[in-house]
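The values are calculated or read from the model by the stated rules, or taken from the named source; none is laboratory data. Everything numeric here is computed off the predicted structure, so don't read it as measured data. For neighbour counting, all protein chains shown are included, and Cβ atoms are generated from backbone atoms with ideal geometry for every residue, glycine included.
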Amino acid sequence: MDPDVLLLDELSGDIEESELRDFFDLPALRALGTWSFVLGTSGGRQRAAVAARIGRVRPAEAARDVRYAPGAIDALRRSTPEAFHPALDREESGGLSAAAGWVSIGDQDVLFAAVDLQSQGWIGSGFDRLRTLQAETLRDHLAGEVAANGGGAESPLVIGGDLNMVGSRAPLRALTVGLPSGDEVLEALRAERLGERTLSTWTNPGAPFAPGRLDFILVSPSSIEVQNAFVFATDDQSASVLQRLGLERDLSVQLSDHLIVVADVRLR
């Protein structure tokens, strides 16, 4: 993909910065340039990271450790079944799996954020309501970061990750409305899967679920122009493309049930 910036989610919760540094020191990544990254400290069993090779990533201090507002988890606990409370206890203890950092592009700083929201559930379920609370929490932390850095409605912002949209659209609305100011509405990129006319980013033939769109990239349209976007899977590619890229057809299936979402953007 020859990326300039990577948004990574579902990293192991016990990963060390040295391990992530070793990953970016692998020959294929080192050949692209010198990488820097910000590894989120919250998330419990899983964490997220923002990495770039086009300039040093500066940590977003307001989103370094993404915790819930006082009383937010308790309010959800009071209105959900007791069987769901262990999940809330884990959230309260670990915080949200997210990371954010500023990347300098030319003479402008762009705020990038990676996130993984709660999976499972249906509309109105405890999982769906927790997912919405997570989106609201990340939105508030990022809004605080933008404000602390003197930003406003035209502050460039990119959010990417697994939003696990299997219930209501409330989590997506929570992230797209109100950032970085009350007048800005983030745009969810329309990234079609190469080789298909679908927007699916997740597929697992062995699971009892149809392929779905779980992974998103959101941008602030007033400051960022999208030039291209797509979802990449090796099993979608022709034999000649795979040969040119040096990839095996079943590589994507071996790596993950989620696919790579790619966007080419430029600052307005």
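Could you tell me which residue of the stretch 60-71 is nearest to S104 (Cα to Cα), considering only residues that are buried (at least 18 other Cβ atoms within 10 Å of the Cβ) and at pLDDT 95 or above?
Here the residue is A60.
Is it the case that some residue within the stretch 142-151 is in contact with a Lys or Arg (Cβ under 9 Å, 6 or more places away or on another chain) and not acidic (D, E)?
Checking the stretch 142-151: not a single residue is in contact with a Lys or Arg (Cβ under 9 Å, 6 or more places away or on another chain) and not acidic (D, E).
Can you tell which of A87, A148, A135 is within 25 Å of G71 (Cβ to Cβ), buried (at least 20 other Cβ atoms within 10 Å of the Cβ) and of a type outside the set (D, E, K, R)?
It is A135.
Only residues in the stretch 242-268 that are without any contact (Cβ under 8 Å) to a residue 40 or more places away in the chain count as the first member; pair them with residues that are polar (S, T, N, Q) and loosely packed, with under 12 Cβ neighbours inside 10 Å, Cβ under 9 angstrom, at least 6 apart or cross-chain, and list the lot.
E248/Q254; D264/Q227; D264/N228
Scan the stretch 1-36 for residues that are touching a Gly at 6+ places or on another chain (Cβ under 8 Å) and farther than 23 Å from L111 by Cβ and jot them down.
Matches in the stretch 1-36: G13 only.
Enumerate the pairs (first residue in the stretch 202-221 and closer than 16 Å to V265 by Cβ; second residue anywhere and surrounded by fewer than 16 Cβ atoms within 10 Å (Cβ to Cβ) and not basic (K, R)) with beta-carbon separation below 7 Å, excluding pairs fewer than 6 apart on the same chain, so at least 6 apart or on different chains.
L218/E187; V219/E187; P221/E187
Could you please let me know if V185 is in contact with a strand residue (DSSP E or B) (Cβ under 6 Å, 6 or more places away or on another chain), within 19 Å of P221 (Cβ to Cβ) and β-branched (V, I, T)?
When the stated conditions are applied, V185 passes them.
Residues that are touching a strand residue (DSSP E or B) at 6+ places or on another chain (Cβ under 6 Å): list the helices (runs of 4 or more DSSP H) wholly contained in the stretch 14-96 that include at least 1 such residues.
17-24
Restricting the search to the stretch 216-256, which residues are closer than 15 Å to R193 by Cα and either assigned to a strand (DSSP E or B) or in contact with a strand residue (DSSP E or B) (Cβ under 6 Å, 6 or more places away or on another chain) (or both)?
Hits for the stretch 216-256 are F216, I217, N228, A229, F230, V231, F232.
In contact (Cβ under 8 Å) with a residue 12 or more places away in the chain, under 21 Å from D9 (Cβ atoms), surrounded by 14 or more Cβ atoms within 10 Å (Cβ to Cβ) and over 16 Å from the mean Cα position of the chain (by Cα): is that true of A49 in this structure?
Here the answer is no, as A49 does not meet what is asked.
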